Amino acid sequence: MQLNDLEWSSFTDIAHQKDYLTHLISSAKATSNSQILDLILLNGNSFSLADKTVVKNLLDCLEAFAVPFAFVWGNDDLQGSYRLADLETALKNCPHAVYANPMDSVTGNSNYEITLRDNGTARYALYAFDSSGYDLSGVPLRYDNAYIRADQVAWLERQASYVGPVPSLGFLSLAPLEFSNAYEGRNYNKMVFEKNGAITTPSGNSTLLSRITRLNFKGLFFGQDHANDFVLDLQGLRVGYGVKSGSEKGFATSPTQSYLLGGESKSVQILGGSLYTLSASGDFSLDHLYLQDDGAYTLVKERYQ
């Protein structure tokens, strides 16, 4: 399951957000075919203006689910009163965390791969890319969002060669520029879910999308833009947003979807998470779970099809 942009901060109502997250994980388990979750992936901006107490609160909440979880860096994760090394240490001390920061010279705090195996045989690979950070823009006091660099793409190709030609999914916090170009140029087969806001991208072109099409990738997913959860079909490759997880720092309501609560029609909040079900054939199903922050925690589900 992919969670995006939790944005827990020193101003967060921790009790409420824990309750929301607990209901979300329970709903995802109930929705999945196996009634369990194999992995929770925090795909960027889990924290925003947070301190070490907030970090501990979220990690303790995740540990209570007893589900392995991965962490991907986002820009807002860099903006806390903790040192980055403190956050990494806290992650490494979590028994269920599968976070890794290889001792290499590749751009970013952490780029790593998780191999999913069946009886020792690699069946699927999940890649975490670090797209956090800022670049100088050439304008004083203004910075551009960082993009996936050539050495990160080279690392991906080396790692994919080592793992072998297994089907793969990639995760990063910020949409690559190529995604925005595909949307603006209408160079896609179809669009599923909703676009309710602007697409935030870096100014640099990473070539990531063009490279992963040669590596048996099935999808590439990101967050950052709380109002969007749309996914494009780019010649069989699914590329797009996860669902904003939790209400911190704002979210969108759907202009087209509604549900009933106490006999009253309500607009669907674009809040929740993305549930992936991987198949032995190499394909996967994708459900966007919209868990409403309405007091009743009503679940609205939509499948990519």
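Translational diffusion of the chain was estimated from the Stokes-Einstein equation, with Rh taken as the Kirkwood radius over Cα pairs; at 10 °C and 1.306 mPa s the coefficient is 81 µm²/s. Lysine pairs in the range 2-303 whose alpha-carbon atoms fall under 16 angstrom of each other, counting only those eight or more residues apart or on distinct chains, come to 10. 3J(HN,Hα) couplings calculated from phi for the range 12-24 with the Karplus curve 6.51 cos²θ - 1.76 cosθ + 1.60 (θ = phi - 60°) are, in sequence order, 6, 6, 4, 4, 5, 5, 5, 5, 4, 5, 5, 5, 5 Hz; Gly and Pro show x.
If you look at the Cα atoms of the range 243-305, you get an Rg and a Dmax of 13.3, 43 Å. Between Val231, Gly262, Ser180, the Cα set farthest toward the positive side of the dipole of the range 141-288 (charges on each charged residue's Cβ, about the Cα centre) is that of Ser180. In a simple Cβ point-charge model (Lys, Arg +1; Asp, Glu -1; nothing else charged), the range 1-102 has a dipole of about 220 debye relative to its Cα centre.
Under 5 Å from the amide H of Trp8 lie the amide H atoms of Phe47, Ser48, each residue being 5 or more positions distant or on a separate chain, with H modelled from the backbone and absent for Pro and chain starts. Remark: the chain carries a charge dipole of roughly 600 debye about the Cα centre, counting +1 on each Lys and Arg Cβ and -1 on each Asp and Glu Cβ.
Normalised by the number of residues in the chain, the average gap of Cα pairs under 8 Å and 6 or more apart makes the relative contact order 17 percent. In terms of packing, defined here as the mean over residues of other Cβ atoms within 10 angstrom, the peptides 66-72, 10-16 line up highest first as 66-72, 10-16. For the range 71-176, the percent of C-alpha pairs falling in each 5 Å distance bin, counted from 0 to the bin holding the largest distance, reads 2, 11, 19, 22, 19, 14, 8, 4, 2, 0, 0, 0. Beta-bridge orientation, the chain: approximately 60 percent antiparallel, per DSSP, counting only bridges with both partners inside. Could you please tell me the mean projected area of the C-alpha convex hull for the range 131-241, averaged over all directions and given in square nanometres to one decimal? Projected over every direction and averaged, the Cα hull of the range 131-241 covers 7.3 nm². Within the set of other residues whose C-beta is less than 12 Å from the C-beta of Phe11, count the net charge using Lys and Arg as +1 and Asp and Glu as -1. Neighbour charge sum, excluding Phe11 itself: -3. Spherically averaged projected area of the convex hull of Cα atoms, the range 229-276: 4.6 nm².
With the helix formula -39500 (n - 2.57) applied to DSSP H stretches of n ≥ 4, the chain reaches a computed 222 nm mean residue ellipticity of -6500 deg cm²/dmol.
Averaging 1/r over each pair of different alpha-carbon atoms in the range 146-305 and inverting the result gives 16.8 Å, the Kirkwood hydrodynamic radius. Reported to the nearest whole Å, the Cα centre-to-centre distance from the range 152-195 to the range 24-65 is 24.
One way to sum up the overall shape of the range 1-115 is the equivalent ellipsoid from its Cα gyration tensor, whose semi-axes run 22, 19, 11 Å, largest first.
What's the longest uninterrupted piece of the chain once you rule out the trypsin sites (Lys or Arg not before Pro) that are loop residues per DSSP with at most 12 other Cβ within 10 Å? Here the longest segment lacking exposed loop sites spans 215-305.
A short reminder: the numbers here are calculations on the coordinates, not readings from a lab. Owing to the predicted nature of the structure, the values given are computational and were not obtained by experimental measurement. Backbone-built Cβ (ideal geometry, glycine too); neighbour counts: all protein chains shown.
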